[in-house]
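S.K.: Dropping the structure in here first, questions after.
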């Protein structure tokens, strides 16, 4: 039941969190896929917060969404974010992509 309520709250624009505290609370109890979907859509603005950014990186890596992880982490680096979690996000994304499809050449 709680999962359905969190899913509804994160999916409804009129119920979206109004503060970082609310966002962190909802992310802490949301199922991984719901949290990822929220952070990729209406909750994108919260990904600029250091704690949410780190949660998002962990969620993407756990879900093996390596392309999303690579793109997000690289974008954060390009914006000048100085966070080791972002650097490891880029590295782990590339390693994950290579593991998933070793037939591709990623280095030119």
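S.K.: Stretch residue 58-residue 91 to full length: gain in nm at 0.36 nm per residue minus the Cα-Cα span? Don't skip to the end; give the middle numbers.
M.R.: Numbers: separation 33, 0.36 × 33 = 11.88 nm, distance 1.30 nm.
The residue 58-residue 91 span can extend by a further 10.6 nm.
S.K.: How tilted is helix 84-100 with respect to the longest principal axis of the chain? Cα atoms for both, answer in degrees (0 to 90, nearest 10).
M.R.: The angle comes out at about 60 degrees.
S.K.: Also: Among [x] 26.1, 72; [y] 14.8, 50; [z] 14.0, 39, only one was calculated for this model; which label is it, if the read-out is Rg and Dmax of the Cα atoms in Å?
M.R.: [y]
S.K.: Of 73, 19, 42, which is the most mobile in a GNM of the chain whose springs link Cα atoms less than 10 angstrom apart?
M.R.: 19
S.K.: Tell me, in nm to one decimal, what length is gained between residue 20 and residue 99 on full extension, where the rule is 0.36 nm per residue of separation less the Cα-Cα distance? Don't skip to the end; give the middle numbers.
M.R.: Numbers: separation 79, 0.36 × 79 = 28.44 nm, distance 3.50 nm.
Net length gain for the segment: 24.9 nm.
S.K.: Run the paramagnetic zone check for residue 5: 7 angstrom along Cα to Cβ, then residues of region 22-51 with backbone nitrogen under 18 Å.
M.R.: It comes to 22-32, 34-35, nothing else.
S.K.: Here's something else I'd like to know. Report, in deg cm²/dmol and to the nearest 500, the calculated mean residue ellipticity at 222 nm for the chain, where each DSSP H run with n ≥ 4 adds -39500 (n - 2.57) and the sum is divided by the residue count.
M.R.: -20500 deg cm²/dmol
Here, each number is a calculation from the coordinates, and none is a lab measurement. Treat the numbers as computed from the prediction; the structure is a model and nothing was measured. Please note: Cβ atoms are built from the backbone with ideal geometry, for glycine as well, and neighbour counts cover all protein chains shown.
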